[in-house]
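Taking it in order: structure first as C-alpha cells, then the write-up.
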Amino acid sequence: MVKDAFDHVTHWVFDLDNTLYPPRARLFDQIEVRMTQYVMDALGVGQDEADRLRKLYWAQYGTTLAGLMREHDVDPAPYLTDVHDISLDHLEKDSGLAARISELPGQRIVYTNGTAPYAERVLEARGLSGLFDAIYGVEHARFLPKPERGAFEIVFERASVDPDQAAMFEDDPRNLQVPHDMGMKTVHVAPEPHEADHIHHHTDDLSAFLHLLT
Ligand SMILES: [Mg+2]
C-alpha cells in the first residue's frame, strides 16, 4: 500500500509551480515571456539570444536567475519581482486539494524557486491559503535555487525539516534528487511519469494521491 510508505512522514514539502496547480494553467508561459524581456533589457541582447540564454541557464544552473547572477552579476530582487508580475486569472480554487492538504499530519511547507510573496498570491488564487506552516522562496536560500544541495540544506535547516520523516512533492524530476539522497520520500507530480531511481512515486493528480495517504 502506498499509505504504508508514508506512515513515518511528519514533514510535507511542496513545490509550488506546476505542483500545487496543474500545468494546464500555463503560468510559466507568462513568466518565460517576462524572463526573456528581462534578459533582453539587462544584457542588451535580442529576443533570440535572450531565449537561448534563458533556456541554457535553466538547464545549466537550475534556474535562469542563477545563470544571470553567476555569469552577469544580475541583481536578483528586481528580477524576481518583475518576472512574477503575472496574471493568475487561469488559476481556480481547489477545495478538494485544500481538504487533502489540511488532513496531512504534521508540518506542511511550500518551497519554491519563485518568491514567497508570489507563492502567497498563487496559494490565495488556489484557495490554499492558511494551510501551510511556512512558505520558502529562493530568497530564503541566498538566491541559490533547487536543485542545488546547498539550497535544500539552507531551507530545511530554517524549517527544521527532518529528511528522515519528510516527503517532497515536485514536478521537476531534477529537484527530487537531493531530497531522495537526504532520505526523503519523493513524489513526482506531472502528467507524464519520469523513470529514475530517485523517484519513489509518480502521480498526475495530487489530490487523488494525497487521498491515498489519509
Ligand atoms: Mg515546479
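So which residues in segment 9-31 are assigned to a helix (DSSP H, G or I) and more than 13 Å from the ligand (Cβ to nearest atom)? Once the filter is applied, which keeps residues that are assigned to a helix (DSSP H, G or I) and more than 13 Å from the ligand (Cβ to nearest atom), segment 9-31 yields R24, D29, Q30. Comparison of V45, V39 shows that the only residue that is assigned to a helix (DSSP H, G or I) and not assigned by TED's automatic domain parsing to the domain that holds L128 is V39.
To keep it simple, each residue is scored yes or no on (1) under 29 Å from D133 (Cβ atoms); (2) touching a residue at least 40 places away in the same chain (Cβ under 8 Å); (3) within 16 Å of the ligand (Cβ to nearest atom).
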residue	(1), (2), (3)
Q47	no, no, no
A59	no, no, yes
L80	yes, yes, yes
D85	yes, yes, no
I109	yes, yes, yes
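Restricting attention to segment 56-97, which residues are in contact with a Ser or Thr (Cβ under 8 Å, 6 or more places away or on another chain) and either β-branched (V, I, T) or not in a loop (DSSP other than H, G, I, E, B) (or both)? Show your work before the answer.
Applying the first criterion (in contact with a Ser or Thr (Cβ under 8 Å, 6 or more places away or on another chain)) to segment 56-97 yields 57-58, 80-81, 84, 94, 96-97.
Within segment 56-97, Y57, W58, L80, T81, G96, L97 meet the criteria.
Does P117 meet the test of being surrounded by fewer than 15 Cβ atoms within 10 Å (Cβ to Cβ) and without any contact (Cβ under 8 Å) to a residue 40 or more places away in the chain? Write out each step before concluding.
Values: surrounded by fewer than 15 Cβ atoms within 10 Å (Cβ to Cβ): yes; without any contact (Cβ under 8 Å) to a residue 40 or more places away in the chain: yes.
So P117 fits the description; yes.
Just to be sure before I move on: is D7 on the phi < 0 side of the Ramachandran plot and under 13 Å from the mean Cα position of the chain (by Cα) in the structure I sent? Answer is no for this residue. Filter segment 170-190 down to residues that are within 13 Å of the ligand (Cβ to nearest atom) and over 20 Å from D7 (Cα atoms) and give me whichever is surrounded by the most Cβ atoms within 10 Å (Cβ to Cβ). Filtering segment 170-190 for residues that are within 13 Å of the ligand (Cβ to nearest atom) and over 20 Å from D7 (Cα atoms), the one surrounded by the most Cβ atoms within 10 Å (Cβ to Cβ) comes out as N175. If you scan segment 102-114, which residues turn out to be crowded, with 17+ Cβ neighbours inside 10 Å and over 27 Å from L144 (Cα atoms)? Result: L104, single match. Listed residues V189, V161, V138; which is over 24 Å from W58 (Cβ atoms) and either touching a strand residue (DSSP E or B) at 6+ places or on another chain (Cβ under 9 Å) or assigned by TED's automatic domain parsing to the domain that holds E120 (or both)? Selected residue: V161, the only one of V189, V161, V138 that is over 24 Å from W58 (Cβ atoms) and either touching a strand residue (DSSP E or B) at 6+ places or on another chain (Cβ under 9 Å) or assigned by TED's automatic domain parsing to the domain that holds E120 (or both).
Yes/no per residue for (1) of a type in the set (G, A, S); (2) over 20 Å from R24 (Cβ atoms):
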{"site": "K146", "(1), (2)": "no, yes"}
{"site": "A151", "(1), (2)": "yes, yes"}
{"site": "S160", "(1), (2)": "yes, yes"}
{"site": "D164", "(1), (2)": "no, yes"}
{"site": "D172", "(1), (2)": "no, no"}
{"site": "G183", "(1), (2)": "yes, yes"}
{"site": "A208", "(1), (2)": "yes, no"}
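The values are calculated or read from the model by the stated rules, or taken from the named source; none is laboratory data. As the structure is a prediction and not an experimental result, all values here were calculated from the model. All Cβ positions, glycine included, derive from the backbone under ideal geometry; neighbour counts span all protein chains shown.
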